[in-house]
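Asks: Let me begin by handing over the structure; questions about it come next.
The values are calculated or read from the model by the stated rules, or taken from the named source; none is laboratory data. Owing to the predicted nature of the structure, the values given are computational and were not obtained by experimental measurement. For neighbour counting, all protein chains shown are included, and Cβ atoms are generated from backbone atoms with ideal geometry for every residue, glycine included. Note: areas computed on protein heavy atoms with side chains; ligands, DNA, RNA excluded. Shrake-Rupley method; radii C 1.70, N 1.55, O 1.52, S 1.80 Å.
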Amino acid sequence: MYRQLTNPKFYLMILLDLIIFGGSLWLAFLLRFEFRLAQVYMQQLEQLLPYSIVVKTVSFFALGMYMGMWRYTNIRDFWQLLLASAVGSLALISLAAFWFRFAGFPRSVFV
């Protein structure tokens, strides 16, 4: 892992993942409300977005998604990616349930 910290492509990969994490939540909200977000849902998205990015990034780091090189991926890496995404999503759902009490949050955006 320490060798990766000197690689500039490592930081590019993390930056792209951060954009994907944020963009996926934004797209989920847009799809849920047929591309017309009311102000209340835009505020909810703005509240949840930083938590989503942090939680998913931590889950990817915790499950070792940034340890290997993508040039040598296999089916095991696919399952690891699926697990990291699921853990991140479950952690985000838990956070929304306990921190925000799901107050008005559309549950379908988490799916």
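Asks: Which value, in debye to the nearest 20, describes the size of the charge dipole of the chain about its Cα centre when Lys and Arg Cβ atoms bear +1, Asp and Glu Cβ atoms bear -1, and nothing else is charged?
Replies: Value, rounded to 20: 140 debye.
Asks: For the stretch 10-111, with all protein chains present and a 1.4 Å probe, just round the carbon and sulfur fraction of the accessible area to a whole percent.
Replies: Solvent-exposed carbon and sulfur of the stretch 10-111 make up 70 percent of the total.
Asks: Now a separate question. List the trypsin sites (Lys or Arg not before Pro) within the stretch 1-77 that fall in a DSSP loop (any state other than H, G, I, E or B) and whose Cβ has at most 15 other Cβ atoms within 10 Å.
Replies: When the trypsin sites (Lys or Arg not before Pro) of the stretch 1-77 are filtered for loop state and at most 15 Cβ neighbours within 10 Å, 3, 36 remain.
Asks: Per DSSP helix of 4 or more residues, -39500 (n - 2.57); summed, then divided by the residues of the chain. What does that give at 222 nm, rounded to the nearest 500?
Replies: Only helices count here, giving -23500 deg cm²/dmol.
Asks: Taking the Cα atoms only, what angle lies between the long axis of helix 39-62 and the longest principal axis of the chain, rounded to 10 degrees?
Replies: 20
Asks: On the full set of protein chains, 1.4 Å probe, figure out the accessible area of residue 78 and give it in Å² to the nearest 10.
Replies: Here the accessible area works out near 100 Å².
Asks: Still on this structure: In a Gaussian network model over the chain where Cα atoms closer than 10 Å are linked, find which of 48, 15, 90 has the largest mean-square fluctuation.
Replies: 15
Asks: Something else: Put +1 on the Cβ of every Lys and Arg and -1 on every Asp and Glu Cβ in the chain; which of 55, 65, 103 then has its Cα farthest towards the positive end of the dipole?
Replies: The residue sitting most towards the positive pole is 65.
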